[in-house]
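The next block holds one structure in the form of structure tokens; read it before the comments.
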Amino acid sequence: MLMSIGFSVVFHNASSHQLGRQIPPTSFYTGINTDGPLPSQVGPQTQIRRTTDFDEFFQRRVSEGRHELLVRLVWLNALALVAGAIFSYALARKTLEPIEAAMESQKRFISDASHELRTPITALQTTNEVALRKQRLKPEEARDLILHNVAEAAKLKELSDSLLSLLRQDSPKLTYRSISLQDVARDAINQIVATALKKNITVEDSVPNIKTRGDSASLTRAVTILLDNAIKYSHAKSRVEISGYAKGSHAYIFVKDEGTGIHATDIPHIFDRFYRADRSRSKDQREGYGLGLSIAHKIIEQHTGAITVESQPGKGSTFTIKLPLAAS
Ligand code: ADP
């Protein structure tokens, strides 16, 4: 705006000066003939007599020209101000949009995390306060209290581990190399085998030796999350299957269960942080924090892959991981 005003001032001064020069100097007028030719008939060589009317006419035209120029420049600057303001506002909004979204997501994350942390901390506080109010604790009561405290501490640890894992996935240090998805599946199964045994769930593995380029530990974590969920949301004595194949330039891994399944309305949200599908349907299941799938999703995204799910409530779910094949 300052540039436009500065330019207008310079332009106005220069133009006013040039307009002023249109008035012929006194030396232009000679003679005494009052019936000199009309201004329109004045040629370069014509000598005419200066009249007051003629002088006034020129003065008026020049000042009209100056006024018109000033008005136009003021309008032009006003227009530039309005258009510039609108354009700057639109541009500022566009630039700030991703920053606003990041801040909003951070705020939501902190608020959700604090909310999740409050639950086990409040449970710990309440049971310990109730126990403290008693004069004496029987050995079995003391044991129950300790067991409860240990369980709540385990939940807190699980939550803080998940939060740390999410943060690490935000700025990961991944080592990409050619890895076998068969090894990834085996390592993941080793991590969940104890939980599967507890529920008497059979885990069937038929992943072939297909290779992708990626970070072995991260991919194992993603597959472990899927297998862990498959067991968590399955009935005892059911079957969980992990299989895969290569097609075109991609490798596919499937984790299939015969568990509770997921409602169509929940499917678009299950990869969101802290999202848990209707808990009344999974009351009997181990509680989670709704972080597992968002971690898995992030890991697969970092490997330029995709993770999808197909599910039928009451029948089971199949999670699919798609990854680019390693160049051989
Ligand atoms: P959580 O710790 O609650 O399991 P996740 O992010 O791993 O968190 O999963 C989000 C939600 O998706 C779960 O609360 C559950 O409702 C649903 N879900 C995930 N995997 C399965 C599955 N294999 N079967 C049924 N529901 C599932």
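Quick notes
- Residue among V203, V150 that alone is of a type outside the set (S, T, N, Q) and surrounded by fewer than 12 Cβ atoms within 10 Å (Cβ to Cβ): V150
- Single residue of the stretch 240-262 satisfying the filter (among the charged types (D, E, K, R) and within 12 Å of K315 (Cα to Cα)) that is surrounded by the fewest Cβ atoms within 10 Å (Cβ to Cβ): E258
- Residue ID - nearest to the chain's Cα centre (by Cα), chosen from residues in the stretch 167-181 that are surrounded by 16 or more Cβ atoms within 10 Å (Cβ to Cβ) and of a type in the set (S, T, N, Q): Q169
- Within the stretch 106-165, if we keep just the residues that are of a type in the set (K, R) and in a helix (DSSP H, G or I), the residue that is farthest from A296 (Cα to Cα) turns out to be R133.
- Residue among G20, G36, G31 that is among the small types (G, A, S), at pLDDT below 85 and on the phi > 0 side of the Ramachandran plot: G31
- Residue count for the stretch 304-316 satisfying the condition of being more than 16 Å from the ligand (Cβ to nearest atom) and more than 24 Å from the chain's Cα centre (by Cα): 0.
- Check on S294, over 28 Å from E152 (Cα atoms) and near the ligand (Cβ under 10 Å from one of its atoms): no
- Of the listed requirements (1) buried (at least 22 other Cβ atoms within 10 Å of the Cβ); (2) modelled with pLDDT under 95; (3) closer than 19 Å to S311 by Cα, H235 misses just one: (1).
- Residues of the stretch 282-299 that are part of a helix (DSSP H, G or I) and at pLDDT below 90: S282 alone.
- Test: I179 is in contact (Cβ under 8 Å) with a residue 12 or more places away in the chain and either assigned to a helix (DSSP H, G or I) or under 24 Å from P313 (Cα atoms) (or both): no
- Residue in the stretch 317-328 that is surrounded by fewer than 16 Cβ atoms within 10 Å (Cβ to Cβ) and within 13 Å of the ligand (Cβ to nearest atom) present: no
Conditions (1) at pLDDT 90 or above; (2) hydroxyl-bearing (S, T, Y); (3) surrounded by 15 or more Cβ atoms within 10 Å (Cβ to Cβ), marked per residue:
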site: K107; (1), (2), (3): no, no, no
site: A113; (1), (2), (3): no, no, yes
site: E129; (1), (2), (3): yes, no, no
site: L137; (1), (2), (3): no, no, no
site: K155; (1), (2), (3): no, no, yes
site: E158; (1), (2), (3): no, no, yes
site: D161; (1), (2), (3): no, no, no
site: S165; (1), (2), (3): no, yes, yes
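- When V193 is tested against the conditions (1) β-branched (V, I, T); (2) over 29 Å from A327 (Cα atoms); (3) away from the ligand (no atom under 12 Å from the Cβ); (4) in contact (Cβ under 8 Å) with a residue 24 or more places away in the chain, the lone failure is (4).
The values are calculated or read from the model by the stated rules, or taken from the named source; none is laboratory data. Quick caveat: nothing in here was measured; it's all calculated off a predicted structure. Neighbour counts are summed over all protein chains in view; Cβ atoms, including those assigned to glycine, are modelled from backbone coordinates with ideal geometry.
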